[in-house]
Amino acid sequence: VRSSPLVLAHGSGIDVRDSRHIAFLRERGISIVWSPVSNLLLYGDTLDVDTLLAEGINVALGSDWAPSGSKHVWDEAKFARRYIDAIGSSVGDEQIFQMVTTNPARCLGLPHLGRIEVGGFGDFFILKSPLESDSPLEVFLSTTDRHVRATIVGGRPLYGDRELLAQFNVKVQRLPKAEGSAV
């Protein structure tokens, strides 16, 4: 495995049925950034992520660009869930979550990123779920921007509901009333 991370965006030319393609990726530690929305809109097809993951290839989700991709990677994750369900893939919610957290960190060769743990450096947001669910992954894949109560970057709250951010003892700046209760 090479010491510098190499990442292929889209990887549309990869033939997962060709063991030489898989061996090439695996032996060199090459990761793939998968953008299913953009792939399907632009090319009418997308990668067989099920096989890539089963073969041990690191796959991260990307939202590509505004004209053909999702608004952000969270939307791409929700689309990936629906697409995977539609084709009958066995890729689970946890794998999709890893595609937007720890797998991108692996793409960069920075394993301490994308994790919320001691020594980790994970950014995150806090959701207020409208669902009756004990599954954080179901909530993650079923809620929208309007359910975000706070955004934490580098351990610092940057945006969110006044009442919630008051618990962090940080100085806040109010946004115009038209923006709602966010600060």
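Put simply, of 11, 44 the only residue that is in contact with a strand residue (DSSP E or B) (Cβ under 6 Å, 6 or more places away or on another chain) and small (Gly, Ala, Ser) is 11.
Scan segment 25-41 for residues that are surrounded by fewer than 20 Cβ atoms within 10 Å (Cβ to Cβ) and either touching a Cys at 6+ places or on another chain (Cβ under 8 Å) or of a type outside the set (A, V, I, L, M) (or both) and jot them down.
First, the residues of segment 25-41 that are surrounded by fewer than 20 Cβ atoms within 10 Å (Cβ to Cβ): 26-30, 40-41.
Of everything in segment 25-41, those that are surrounded by fewer than 20 Cβ atoms within 10 Å (Cβ to Cβ) and either touching a Cys at 6+ places or on another chain (Cβ under 8 Å) or of a type outside the set (A, V, I, L, M) (or both) turn out to be 26, 27, 28, 29.
Within segment 42-58, is even one residue of a type in the set (Val, Ile, Thr) and closer than 30 Å to residue 145 by Cβ? Among the residues of segment 42-58, at least one is of a type in the set (Val, Ile, Thr) and closer than 30 Å to residue 145 by Cβ, which makes the answer yes.
Taking the conditions exactly as written (at pLDDT 95 or above and either of a type in the set (Phe, Trp, Tyr) or crowded, with 18+ Cβ neighbours inside 10 Å (or both)), does residue 84 satisfy them or not?
On the way: at pLDDT 95 or above: yes; either of a type in the set (Phe, Trp, Tyr) or crowded, with 18+ Cβ neighbours inside 10 Å (or both): yes.
Here the answer is yes, as residue 84 does meet what is asked.
So for segment 163-174 (the condition being open to solvent by less than 40 Å² (accessible area, probe 1.4 Å) and not aliphatic (A, V, I, L, M)), does at least one residue qualify? Looking through segment 163-174, none of the residues is open to solvent by less than 40 Å² (accessible area, probe 1.4 Å) and not aliphatic (A, V, I, L, M). Scanning segment 101-119 for residues that are aliphatic (A, V, I, L, M) and either in contact with a Gly (Cβ under 6 Å, 6 or more places away or on another chain) or modelled with pLDDT of 95 or more (or both) returns 105, 116.
Restricting attention to segment 19-32, which residues are touching a Leu at 6+ places or on another chain (Cβ under 9 Å) and assigned to a helix (DSSP H, G or I)? Spell out the reasoning first.
Let us first name the residues in segment 19-32 that are touching a Leu at 6+ places or on another chain (Cβ under 9 Å), namely 22, 25, 28-32.
If the condition is that a residue be touching a Leu at 6+ places or on another chain (Cβ under 9 Å) and assigned to a helix (DSSP H, G or I), then 22, 25, 28 are the ones that fit.
Is it fair to say residue 59 is under 21 Å from residue 88 (Cα atoms) and crowded, with 19+ Cβ neighbours inside 10 Å? It is true that residue 59 is under 21 Å from residue 88 (Cα atoms) and crowded, with 19+ Cβ neighbours inside 10 Å.
Here the strands (runs of 3 or more DSSP E) wholly within segment 116-183 that include at least 1 residues being in contact (Cβ under 8 Å) with a residue 24 or more places away in the chain and under 23 Å from residue 92 (Cα atoms) are 124-127.
Exactly one residue among 91, 16 is modelled with pLDDT of 95 or more and either farther than 24 Å from residue 135 by Cβ or outside any helix (DSSP H, G or I) (or both), and that residue is 91. Restricting attention to segment 102-113 and to residues that are open to solvent by 30 Å² or more (accessible area, probe 1.4 Å) and either among the β-branched types (Val, Ile, Thr) or not in a helix (DSSP H, G or I) (or both), the residue that is farthest from residue 162 (Cα to Cα) turns out to be 109.
The values are calculated or read from the model by the stated rules, or taken from the named source; none is laboratory data. Source: prediction; values computed, not measured. Because the Cβ atoms are built from the backbone with ideal geometry, glycine has one as well, and the counts that use them run over all protein chains shown. In case anyone asks, the SASA skips ligands and DNA or RNA and just uses the protein heavy atoms, side chains included. Shrake-Rupley method; radii C 1.70, N 1.55, O 1.52, S 1.80 Å.
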